[in-house]
Each structure stands twice: as C-alpha cells, then as structure tokens.
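A.B. asks: Take this structure first; my questions come after.
Derivation of every value follows stated rules applied to the coordinates shown; laboratory data play no part. Values in this document were obtained by computation on a predicted structure and should not be read as measured data. Note: ideal-geometry Cβ built from the backbone for every residue, glycine included; neighbour counts use all protein chains shown.
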Amino acid sequence: MTLTIEVRAKSGKVNELYQTLQAFLPTMNKEKGCRDCRVAGDAEDGGVYVLSCDWDDQSSFESYMRSGSGSALLGALDLLGESARIQVGSDAKWGGIETLKRMRKKP
C-alpha cells in the first residue's frame, strides 16, 4: 500500500517543514510494515513537499498513526502546513488531513 501526503508549507515555514518531514524518515522506516519512506519537493512549487511511503498493508500504517510518532506527524502537518492532501493507495481518491485523524481513532 502506498501512502502519499502532499503538504503546502505555511508562509515562512518551507525549510522547517522540509527538515521536520526529513526528521520523521528514520523512525518511519523502522516501523513494522514500512518498506520505504521518502520526502521530495515539488519541482514547480517550492512550497510543496510530498511524503511518500510504501507499507505492507493499511493496518500497519494505521498502527503507526496511533503511535506517538504518528501523533507528532499530524501535529507537524497542522503546525507547519497551510494545506495537505492524502492518498491512501495509488488508485484512491485524494482526501484531506481528516483521513489521517480518522486512522488515529480506529481501534
């Protein structure tokens, strides 16, 4: 399962957003079920970053989102991001940040 988070930085927070997303990578890459995570900047829009992660399955990612690190990721997106859109699965429709918030509430 591929998870894609596209986030536009708040004004003046571009570098901080990039550095924060990069800081999440080592922890995410060690999570059970995480195959690979990476951050890339949008070549046409310097204020947009894409966090792309490949997970064994959606339940592995949902477990991560319920962890302290998942909570910190949500907090960083709220604090540093002007807007975000999320795609869970390569063929899925794009959703908003509420997609991640719902995952945190699942048992």
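A.B. asks: If amide hydrogens are placed 1.01 Å from N in the peptide plane, which non-local residues have theirs closer than 5 Å to the one on Lys10?
C.D. replies: Gly81, Glu82
A.B. asks: Helix-derived [θ] at 222 nm for the chain: sum -39500 (n - 2.57) over DSSP H runs of at least 4, divide by residue count, nearest 500? Could you put the intermediate results ahead of the total?
C.D. replies: On the way: 4 runs with 46 residues, N = 107.
That calculation yields -13000 deg cm²/dmol at 222 nm.
A.B. asks: Oh, and also: Highest mean first, what order results for 33-42, 91-100, 61-70 on Cβ atoms within 10 Å?
C.D. replies: Values: 33-42: 15.2, 91-100: 13.1, 61-70: 17.5.
My ranking of the peptides, most packed first, is 61-70, 33-42, 91-100.
A.B. asks: Using a Förster radius of 25 Å, what is the FRET efficiency between Glu98 and Asn15 based on their Cβ-Cβ separation? Nearest 0.05, please.
C.D. replies: Working: r = 27 Å, r/R0 = 1.07.
My answer for the efficiency is 0.40.
A.B. asks: Continuing with the same structure: Reported to two decimal places, what Rg/Rh ratio describes the stretch 29-88 when computed on Cα atoms with Rh from the Kirkwood expression?
C.D. replies: Details: Rg = 12.3 Å, Rh = 12.6 Å.
Rg/Rh: 0.98.
A.B. asks: Show me the three semi-axes of the equivalent ellipsoid for the chain, from the C-alpha gyration tensor (sqrt of 5 times each eigenvalue), largest first, rounded to whole Å. Let's see the in-between values first.
C.D. replies: Details: eigenvalues 85, 39, 38 Å².
Over the Cα atoms of the chain, the ellipsoid semi-axes are 21, 14, 14 Å.
A.B. asks: Under 20 Å between alpha carbons, and skipping anything fewer than 8 positions from Lys32 in its own chain: which aspartates and glutamates qualify?
C.D. replies: Hits, sequence-local ones excluded: Asp54, Asp56, Asp57, Glu62.
A.B. asks: Projected onto the charge dipole of the stretch 34-79 (+1 at Lys/Arg Cβ, -1 at Asp/Glu Cβ, origin at the Cα centre), which of Ala40, Ser71, Ser59 gives the Cα projection farthest towards the positive end?
C.D. replies: It is Ser71.
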